[in-house]
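All remarks here apply to the structure that follows.
The values are calculated or read from the model by the stated rules, or taken from the named source; none is laboratory data. This structure is a prediction, so every number in the text was calculated from the model and none was measured. Don't worry about glycine lacking a Cβ; one is built from the backbone with ideal geometry, like all the others, and counts go over all protein chains shown.
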């Protein structure tokens with residue numbers, strides 16, 4: 001459920017959900033999941049909003065970080081697309097460096 005929200009309707013929680021999805025065996029990770037639910041409960045009114053008279057331009061940004069994951073030998077890459085200044089698509093992936 002959190003993965004769906006993070007990737008399709010709530011890009012503001014995507015980083016935290018992706019990070020916690022890698023680790024779920026320790027109590028502190030479950031506390032992190034609960035904190036995300038508490039955050040979502042308090043921010044139900046957030047959504048993707050567009051102004052009537054705002055220009056509807058689409059912009060994309062990407063990033064690549066070599067060996068940027070402190071937990072293992074991985075690089076991270078990602079992108080975000082915005083339409084009218086509102087993020088509607090995000091992605092972050094870890095890749096093993098060879």
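To keep it simple, each residue is scored yes or no on (1) more than 23 Å from residue 85 (Cα to Cα); (2) modelled with pLDDT under 85.
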residue: 7; (1), (2): no, yes
residue: 11; (1), (2): no, yes
residue: 35; (1), (2): yes, no
residue: 38; (1), (2): yes, no
residue: 44; (1), (2): no, no
residue: 47; (1), (2): no, yes
residue: 58; (1), (2): no, no
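Scanning the stretch 46-65 for residues that are free of Cβ contacts under 8 Å to residues at least 24 places away in the same chain and more than 18 Å from the chain's Cα centre (by Cα) returns 52, 53.
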